[in-house]
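The values are calculated or read from the model by the stated rules, or taken from the named source; none is laboratory data. Since the structure is predicted, the reported quantities are computational estimates derived from the model, not experimental observations. So basically every Cβ, Gly included, is an ideal-geometry build from the backbone, and we count neighbours across all protein chains shown.
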Amino acid sequence: MDGIHVQLVRGTDVAFQARESASPGSTITLSLDVPSGTFSVLVFAVEGDVITGIAVKNDVVLAAAQTTTLSLTMSPISFYEPSNQYFLGPGDPSAQPVSRSVSGIPPDFWPYLLSGTPRLRAKLNSLPNFWDDAPVDRSASSEIVESTLDISGSVPAGTALGNEQLYYWFVVSWPGSSAVLSDALPADASCLVYDGATLSGNVTGDSMNDEFGMLAVEDVDLELNQGGPAIYTAITDPLGNFVFGSANAGTYNAELTLPVNPRWGDMISSADFRLDSGTWSSLEIYSYPTMTYEALILSPGVISVLDFRFDGY
């Protein structure tokens with residue numbers, strides 16, 4: 001806590017707000033010139049602009065040319081840390097629900113609290129400087145159950161690839177208010193851990209005996225299957241790179257299909273692979289326009305790398 005933030009609220013409109021510096025254990029007296037009318041008086045303990053405690057008194061009548069003295073009791077608020085939550089990224093077609101709970105909300109504050117706009121904020125792999133430094137910004141919902149505010153939202157499937165962490169937290173704001181209700185920057189316990197298996201790699205090709213050597217092959221269709229229909233699909237980018245995000249752990253066939261390109265004709269004279277940046281080895285199964293690596297083992301939380309190269313003519 002480094003300050004006190006005072007608001008006069010009529011309905012959901014902030015009619016007046018002011019801030020004074022303060023520290024825990026200090027005694028301060030505020031003398032403010034405010035508009036007349038009937039208001040809810042909200043006093044926030046703040047750290048920066050983040051609310052850490054709340055005092056509220058509703059239906060306060062403030063008359064012109066009259067001094068009104070109020071005594072309010074501050075209630076510290078506390079965000080409950082959620083348990084670790086795990087889900088798959090692109091391999092999981094459904095969004096992942098996340099939630100937080102907040103205790104210590106005074107009952108008189110509930111109507112105004114529920115009139116605020118809750119948002120889910122998140123960032124991959126590194127803690128942001130503050131909540132508004134988070135590129136993932138999603139709508140959220142809130143309700144009060146047994147004196148506890150529950151806020152919930154969902155992170156879209158495919159937000160991250162495998163073996164990444166998503167730091168997430170919630171913030172509630174109000175139009176016209178410079179103070180927001182937000183839990184502190186999240187610790188590891190409030191991360192979504194993408195625990196699926198990840199496969200990445202690169203595809204290069206060379207027509208026989210030309211002067212250009214191996215070049216990246218764009219728009220190669222790749223799939224992971226287990227002897228039947230494709231379970232996961234990917235396509236190479238202009239640099240020949242591909243990635244399968246979070247896949248279920250298991251054993252797969254990795255099959256690629258080359259696009260039509262006169263540079264390498266319609267035949268493959270040789271095809272190689274290397275696994276996890278090891279040595280190149282001859283691929284046993286290839287016949288234009290497909291190449292297949294069999295018995296690929298993908299493990300949870302592990303990024304595997306499978307590269308392909310071929311000569312065409």
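Have a look at Ala18, Ala64 and point out the one that is at pLDDT 85 or above and exposed (fewer than 13 other Cβ atoms within 10 Å of the Cβ). Full working, then the answer.
Numbers: Ala18 fails: exposed (fewer than 13 other Cβ atoms within 10 Å of the Cβ).
The unique qualifying residue is Ala64.
Taking the range 214-264 as the range and being assigned to a strand (DSSP E or B), among the aromatic types (Phe, Trp, Tyr) and touching a Gly at 6+ places or on another chain (Cβ under 8 Å) as the test, the residues that pass are Tyr232, Phe242, Phe244. Look at the range 146-170: where a residue is within 22 Å of Phe244 (Cα to Cα) and a partner is of a type in the set (Asp, Glu) and at pLDDT below 75, sitting 6+ places away or on another chain with Cβ atoms under 7 Å, you get Ala157/Asp92. Does Asp307 fit the bill of being within 14 Å of Asn202 (Cα to Cα), touching a strand residue (DSSP E or B) at 6+ places or on another chain (Cβ under 6 Å) and charged (D, E, K, R)? Answer is yes for this residue.
Restricting the search to strands (runs of 3 or more DSSP E) fully inside the range 1-75 and requiring at least 3 residues that are within 19 Å of Pro106 (Cα to Cα) gives 3-10, 37-47, 50-62. Is the range 93-109 home to any residue that is modelled with pLDDT of 75 or more, out of contact with any strand residue (DSSP E or B) (no Cβ under 7 Å at 6 or more places or on another chain), under 22 Å from Phe170 (Cα atoms) and not charged (D, E, K, R)? Scanning the range 93-109, I find at least one residue that is modelled with pLDDT of 75 or more, out of contact with any strand residue (DSSP E or B) (no Cβ under 7 Å at 6 or more places or on another chain), under 22 Å from Phe170 (Cα atoms) and not charged (D, E, K, R), so the answer is yes. Residues that are in a loop (DSSP other than H, G, I, E, B), touching a residue at least 24 places away in the same chain (Cβ under 8 Å) and among the acidic types (Asp, Glu) within the range 267-290 comprise just one, Asp276. Only a single criterion out of (1) modelled with pLDDT under 80; (2) on the phi < 0 side of the Ramachandran plot; (3) assigned to a loop (DSSP other than H, G, I, E, B) is not satisfied by Asn163, namely (2). Of the residues that sit in the range 291-302 and are in a strand (DSSP E or B) and out of contact with any Leu (no Cβ under 9 Å at 6 or more places or on another chain), which one is surrounded by the fewest Cβ atoms within 10 Å (Cβ to Cβ)? The residue in question is Ala295. Checking each residue in the range 24-46 for being under 34 Å from the mean Cα position of the chain (by Cα) and at pLDDT below 80 picks out only Pro24.
Right, Thr38: of a type in the set (S, T, N, Q) and out of contact with any strand residue (DSSP E or B) (no Cβ under 8 Å at 6 or more places or on another chain) or not? Full working, then the answer.
Numbers: of a type in the set (S, T, N, Q): yes; out of contact with any strand residue (DSSP E or B) (no Cβ under 8 Å at 6 or more places or on another chain): no.
Answer is no for this residue.
Across the range 233-256, which residue is nearest to Ser304 (Cα to Cα) among those that are of a type in the set (S, T, N, Q) and surrounded by 15 or more Cβ atoms within 10 Å (Cβ to Cβ)? The extreme case among them is Ser246.
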